[in-house]
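Inspection log for the structure reproduced underneath, given as structure tokens.
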Amino acid sequence: MSLDQYIEINPEKRFGKPILKGTRIAVADVLNWLASGMSVQEIQSDFPELTKDQIMACLHYAAAKENSLGHAL
């Protein structure tokens, strides 16, 4: 999956946090919704502009960040 197809960092939007392209929805927001137990379908019900691929891109982004940080704990 090419993350840059779905995610951008723009200092003009959401204080430069990673967001889903074409939206003002932060990757962290999507990750928090998933972590709180929301399903992909529930997220899409609340935000019909989001695709399953965009939501999955948020998970891939988090995994890539985790892999690049190593195990600091």
Quiz item: Is it true that residue 50 is assigned to a loop (DSSP other than H, G, I, E, B) and either of a type outside the set (Lys, Arg) or within 21 Å of residue 64 (Cα to Cα) (or both)?
Solution: yes
Practice problem: Report yes if residue 30 is touching a strand residue (DSSP E or B) at 6+ places or on another chain (Cβ under 9 Å) and of a type outside the set (S, T, N, Q), otherwise no. | Solution: yes
Quiz item: Taking the stretch 14-27 as the search range and keeping residues that are over 16 Å from residue 51 (Cα atoms) and modelled with pLDDT of 95 or more, which one is surrounded by the most Cβ atoms within 10 Å (Cβ to Cβ)?
Solution: 18
Quiz item: Taking the stretch 55-69, which residues are of a type outside the set (D, E, K, R) and out of contact with any Pro (no Cβ under 8 Å at 6 or more places or on another chain)?
Solution: 55, 56, 57, 58, 59, 60, 62, 63, 64, 67, 68, 69
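The values are calculated or read from the model by the stated rules, or taken from the named source; none is laboratory data. Values in this document were obtained by computation on a predicted structure and should not be read as measured data. Glycine also receives a Cβ, built like all others from the backbone with ideal geometry; neighbour counts cover every protein chain displayed.
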